[in-house]
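This report refers to the structure that appears directly beneath it.
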Amino acid sequence: MTSLEDLPIREDLRGRAPYGAPQKSVPVALNVNENTHPIPEAVAHDIVARVAAAILHLNRYPDREFTDLRRAFAAYLGHGLDESNIWAANGSNEVLQHVLQAFGGPGRSALGFAPTYSMYGLLSAGTGTEWIAAARDDDFELSPETAVAAVRELDPDIVLLCAPNNPTGTPLSIETIAAVADAASGIVVVDEAYHEFADPGTPSALTLLEGRPRLIVSRTMSKAFAFAGARVGYLAADPAVVDALRLVRLPYHLSALTQAAALGALAHSDEMLAMVDEIRGQRERIVAELGRLGFAPYRSGANFVLFGGVDDPHAVFEALLERGILIRDIGLPGCLRVTAGTETETTAFLEAIAAFAPATAV
């Protein structure tokens with residue numbers, strides 16, 4: 001039987017593994033940072049009606065410029081943006097891939113701060129861009145001084161900042177983002193996939209866009225909007241950046257059905273985001289209870305919590321899975337990660353993890 005190694009793939013792709021997380025049918029799935037709350041029924045009916053209307057015209061190509069959707073994203077983001085500032089694609093991963101296709105490539109480099117979202121390295125590899133992982137400060141924090149020092153030393157073509165960071169949940173200060181944006185000679189991408197879950201009053205990198213034509217702020221509908229299955233990501237940037245991305249996108253890359261569904265969700269953004277406060281509350285509940293049990297939860301501005309103090313992460317992961325609870329072993333020593341789900345899901349996790357509390361717990 002032919003194996004992957006028998007095929008004439010690019011040499012720089014040999015030995016690499018694709019992105020993936022366990023996909024298992026369990027009662028409580030808290031491993032991939034989804035919003036586990038269902039879409040409100042009234043909103044779902046409106047989205048279905050919009051998609052049904054779009055189906056009547058599937059004999060025609062969709063709007064290549066997805067103008068209505070870009071206008072809707074601009075209205076949602078505010079900050080004086082209009083459709084010329086907006087780009088969208090099939091999930092934020094494709095948005096980032098477009099950025100790397102346009103501004104990366106052979107002979108160019110992308111810088112991130114490890115541990116961070118593993119897709120950054122995979123997208124870099126797929127576009128022939130050198131991936132460089134610089135170190136963070138203690139407890140996965142990233143200060144302006146540490147970040148700027150790496151940028152000045154390595155002079156990357158692209159800097160990828162995850163705010164808050166995945167997989168650690170660590171918030172990233174606006175001071176660090178501004179310092180990197182001003183120090184970098186290339187493109188700076190701030191990935192705000194989890195921004196809606198940040199503490200109220202947390203400033204977005206959108207506030208830094210004016211006067212910084214090489215700064216990009218990426219968002220997704222997968223998390224706070226509970227729209228992971230629809231695959232819709234977007235970014236805000238200078239119009240010249242958007243023009244650059246048109247050079248690398250595939251023709252008609254956003255289907256008419258995707259555009260209709262996303263417009264329906266955005267038309268009900270208040271209802272779609274109504275569960276964010278509850279999820280934030282469950283996140284804080286997890287942090288408090290894990291701390292009480294003797295684990296070491298890290299600071300999180302996302303809809304998940306990374307926690308240390310786990311003697312054997314893989315064994316605990318498997319034991320929870322046997323109990324019908326799926327969380328994430330991300331390979332960090334002594335750590336596991338759990339998504340903040342519904343109150344019922346959170347209760348099930350906390351009751352199960354208590355059996356594995358460190359022996360020193362009071």
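The values are calculated or read from the model by the stated rules, or taken from the named source; none is laboratory data. As the structure is a prediction and not an experimental result, all values here were calculated from the model. Cβ placement follows ideal geometry from the backbone for every residue including glycine, while neighbour counts extend to all protein chains displayed. SASA here: full protein model, heavy atoms, side chains in, ligands and nucleic acids out. Shrake-Rupley method; radii C 1.70, N 1.55, O 1.52, S 1.80 Å.
For the range 171-273, the residue among L254, H268, A237 whose Cα projects farthest onto the positive side of the dipole built from Cβ charges is L254.
The relative contact order of the chain, computed from alpha carbon pairs under 8 Å that lie at least 6 residues apart in sequence, is 22 percent.
Report, as a whole number in µm² per second, the diffusion coefficient that Stokes-Einstein gives for the range 169-317 at 20 °C and 1.002 mPa s using the Kirkwood radius over alpha carbon pairs. Rounded to a whole number, D works out at 120 µm²/s. Is the C-alpha gyration tensor of the range 144-252 telling us rounded, prolate or oblate? Criteria: a/c under 1.5 is rounded; beyond that, a/b larger than b/c is prolate, otherwise oblate. Oblate is the answer for the range 144-252, as a/c is 1.5 or above yet b/c matches or exceeds a/b. How much area per residue is accessible in the chain when the probe is 1.4 Å and only protein heavy atoms are counted (Å²)? Accessible area per residue, the chain: 45 Å². Between the amide H of L336 and those of F307, distances stay under 5 Å, these residues lying 5 or more places away or on another chain, with hydrogens modeled in the peptide plane.
Kirkwood radius for the chain, taken over all pairs of different Cα atoms as the inverse mean of 1/r, rounds to 21.5 Å. At an R0 of 35 angstrom, the distance between the Cβ atoms of D82 and V26 translates into a FRET efficiency of 0.20. Contact order, relative form, for the range 97-251: 20 percent (alpha carbon pairs under 8 Å, 6 or more residues apart, mean separation divided by residue count).
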